[in-house]
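Report on the structure given below.
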There are 2 protein chains.
Amino acid sequence: MSRFILKGDILYSETPSKLSTWKDGVLIVEDGVSKGVFPEVPASFANAPIHDYTGHLIIPGLIDLHLHAPQYAFRGMWMDEELLDWLNKHTFPIEARYKEAAFAEEAYKIFTQDLRRSATTRAVMFSTIHKEATIRLMEAMEETGLVSYVGKVNMDRHSPDILREESAQASVQDTIAWLDEVAGRFQNTHPIITPRFVPSCSDELMEGLGAIVKERGLPVQSHLSENYSEIEWVKQLSPDSANYGDAYDRFHLFGSEGKAIMAHCNHSPDEEVRLMKRRGTFVAHCPDSNANLASGIAPVRRYLDEGVHVGLGTDVAGGATVSLFTTIREAVQHSKLRWRLVDGELPWLTFAEAFFLATAGGGAFFGKVGSFAEGFAADALVLDEHGIPTPLMKELTPQERLERFIYLGHEGSVLHKYVQGVKLF
Amino acid sequence: MSRFILKGDILYSETPSKLSTWKDGVLIVEDGVSKGVFPEVPASFANAPIHDYTGHLIIPGLIDLHLHAPQYAFRGMWMDEELLDWLNKHTFPIEARYKEAAFAEEAYKIFTQDLRRSATTRAVMFSTIHKEATIRLMEAMEETGLVSYVGKVNMDRHSPDILREESAQASVQDTIAWLDEVAGRFQNTHPIITPRFVPSCSDELMEGLGAIVKERGLPVQSHLSENYSEIEWVKQLSPDSANYGDAYDRFHLFGSEGKAIMAHCNHSPDEEVRLMKRRGTFVAHCPDSNANLASGIAPVRRYLDEGVHVGLGTDVAGGATVSLFTTIREAVQHSKLRWRLVDGELPWLTFAEAFFLATAGGGAFFGKVGSFAEGFAADALVLDEHGIPTPLMKELTPQERLERFIYLGHEGSVLHKYVQGVKLF
């Protein structure tokens, strides 16, 4: 039985709106799982080794529910375009290059090394349509020590020749071959079924993927109601569906079988939200991407109020950075702009609520993850605030320091990272 | 006569929407002023020493038209509040502490050191109401080598006892004493008249400040049409003014005498915009602050189209960072959200346009500043992109690299900075 103790200024979300704060607290870890946070070391753990980070903030690892690993290659560029143009002009041609395994290996090495050093402890990501490149990405992710879901993307229509699978059948067969090849190979890196979005997937392909999900009990990730033009297009392509969400749900790809993550949900109609709630679908809120691609601002307050699962996604490369501190900040900022410009009835997100989204909110997709309450996975970050000089009026509370870190995280750094009780650095 | 040459990948705004790009170009500097950018060293400068930064981006220094130096002490905190609450609960009590010169000196030392290392070459800033602290700030700014305007703030009403001057007369007298004390003392640090905003300044005070501006030909900075509650308040306080802008203009504080910068202008009515245009008033657009304080999004496209002067401001500590790269990025992002959520008739800002705002747009307040065209001040940044790993598909153009740097600037760094031809680091 492995036991140790993390000591420092510990914070985690007790509820979506309330932080639990422990100045000079101790987090007890046993076999990779939290036994809770205490003001002093309990007698029964008196002999456990202490990792003493007194004076440092300790928070749960951050959870990225949505990103595109191959797009890390061109983050921060070509942002003058809206979604569909951006996909066709820039994204698809570059994703096509991941057909070359050597290129994929090099690109994914840079991506996974950066992700390992970031504040992210768990991530759910798209690869490309390419089986070999997807396996290279899974191998590289496994080496990081992070926990992840990686999806080989399915696309059999409305995509350029260079990035379209030959047929629905070929796409399904390739997916099964991929799943068989990676089955049991990795400890922390799991497959997830990934229809890119309704426009790129024929009904036949969706049906085949739904069958795989049912048979193997796998989770699903895709995109939903991101952009008005995209939503219109889906209406034309899937006239029998009640809404965009239903176009997945009718094929068991919306959470009725395995868990499902839908990225964005900026413009979901009421009945789609009700369906999300009924199915336990997770919303991956991606504010950076939704601003960069001029998509809009998701009504996250509503999702929280109605009990829809919601977490955050960086959505690289619609989003420019893998830093979830930026995503947390922008979730707060954009909720304020939404309150001011769209709907004053929905109060903006507090920083505590946006922090919840990035930890326990998204963490729920992985099980008991994103909190230090007893029984949760011991995923933890030790933060270094030395790079954030602030002439102080008074001693700051841990909560004030955490808010400051979220706004200025790029000036500080992640000093240590633990995943499931294992210290990565 | 001092001459030298900067060599590298040089970019600057030729027009608000067009970048001038020189791969392996040379910028000729003579007596602190640009003689233009050329593909090769002209024969007449063949003997000038070359500062060779081949492979690096070289851009004009960035201009911050609006920030509050004393608020650097608490940037990135207490962001759950709207403007007026945030001022009363947090900002005013801390600004009051700058009465102690020792505290001011320490706080301003940290602020000015950080600003010196940032991408900013010129800034226009508020101090507090305190004469001594303002002089400490001017001394510290002068040491940085940056060019700045610093304003002792005027407040004689609707402010807490701890941060209110005794009377209009006392405020005016203190302002004159400050101006006399700093006259001729600094080379790069200039005074600017600074009524905080209409709610904090009585008519008598405004009249006194207007007289100083007329007499001494000094510029003015203040706040305008930032937040709906504030605008309502101004209507009540100044019922005879046609609009918020007119409440300054009637006292010669809106650009009719010295130049004027008005921060925010998020909700300016048509006649206020016309007045801004007529007076040549500069808008300091502060997207980070306007999101953090839930104020809204300024119609920057309109200001550009109508020929109103507009630049960017970080508005520390409504904004959390002095990095204008963040401000540029958010100017683009928020213009996209405005296009999507408020007014689809006003096209969003391209990254080239937001870059213009941060350079030549704001630079115009300082004269021929913010460009490398002939006759402009030789304010330049040499950028270091090594911290931004991108597995490349192809060699990136200087323009693609500049956009990437704007989105990921915190991962790169400013390698060298020149102001008026002087190398600061």
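A compact table of results
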| read-out | value |
| --- | --- |
| Rounded to the nearest 20 debye, dipole of the protein assembly as shown from Cβ charges on Lys, Arg, Asp, Glu | 780 debye |
| Euclidean distance of C-alpha centroids, region A:336-359 and region B:208-258, integer Å | 33 Å |
| Sequence ranges B:215-226, B:309-320, B:144-155, ranked by mean other-Cβ count within 10 angstrom, highest first | B:309-320, B:144-155, B:215-226 |
| Share antiparallel - DSSP beta bridges, chain B, percent rounded to 5 | 45 percent |
| Phi-based couplings in Hz for region B:246-262 (Karplus 6.51, -1.76, 1.60; Gly and Pro marked x) | 5, 5, 8, 4, 5, 10, 6, 10, 10, x, 6, 9, x, 4, 10, 10, 10 |
| Dipole magnitude of region B:1-90, debye to nearest 20 (Cβ charges: Lys/Arg +1, Asp/Glu -1, about Cα centre) | 300 debye |
| Label geometry 7 Å along the beta-carbon vector: A:H158 inter-copy distances in nm | 5.3 |
| 5 angstrom amide H check on A:V316, placed H, neighbours 5+ away | A:H68 |
| Where Cα atoms sit under 17 Å apart: lysine pairs in region B:62-366 separated by 8 or more or lying on different chains | 8 |
| Karplus (6.51, -1.76, 1.60) ³J(HN,Hα), θ = phi - 60°, over region A:280-289, in Hz, Gly and Pro reported as x | x, 4, 8, 8, 9, 7, 10, x, 4, 5 |
| Helix-only [θ]222 nm of the protein assembly as shown, DSSP H runs n ≥ 4, -39500 (n - 2.57) each, per residue, nearest 500 | -10000 deg cm²/dmol |
| Degrees, to the nearest 10: A:324-341 long Cα axis against longest axis of chain A | 70 degrees |
| In nm, spacing of pseudo-spin labels at A:R185 and A:T397 (7 Å Cα→C-beta vector) | 4.9 nm |
| Unit charges at the beta carbon, dipole of the protein assembly as shown: most positive-side option, B:I110, B:I261, B:N243 | B:I110 |
| Cβ neighbours within 10 Å from other chains - mean over B:290-299 | 4 |
| Exam field: B:L237 pseudo-label spacings to other copies (7 Å along Cα-Cβ), nanometres | 5.5 |
| Highest-first arrangement of A:168-178, A:274-284, where packing means the average Cβ count within 10 Å | A:274-284, A:168-178 |
| Where labels lie 7 Å past Cα in the beta-carbon direction, separation of A:K109 and A:Q169 in nm | 4.0 nm |
| Total formal charge among the other residues, if their Cβ is under 12 angstrom from that of A:V316, Lys/Arg +1 and Asp/Glu -1 | -3 |
| Given charges at Cβ of Lys, Arg, Asp, Glu: chain B dipole, positive-most of B:T281, B:F372, B:Y303 | B:F372 |
| Only Lys, Arg (+1) and Asp, Glu (-1) charged, at Cβ; region A:62-366 dipole about Cα centre in debye | 820 debye |
| Residue-wise HN-Hα coupling along region A:75-90, computed from phi with Karplus coefficients 6.51, -1.76, 1.60 (Hz; x: Gly, Pro) | 4, x, 9, 6, 8, 7, 10, 7, 3, 5, 5, 4, 5, 6, 7, 10 |
| Other-copy label distances relative to B:L415, 7 angstrom Cα-Cβ extension, nm | 3.2 |
| Where rotation carries B onto A, the chain B residue whose Cβ is nearest that axis, in whole Å | B:H410, 2 |
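Only the coordinates and a few stated rules stand behind these numbers; no lab work does. All of these numbers come straight from a predicted model, not from anything done at the bench. As a convention, Cβ positions derive from the backbone with ideal geometry for all residues, glycine included, and neighbour counts pool all protein chains shown.
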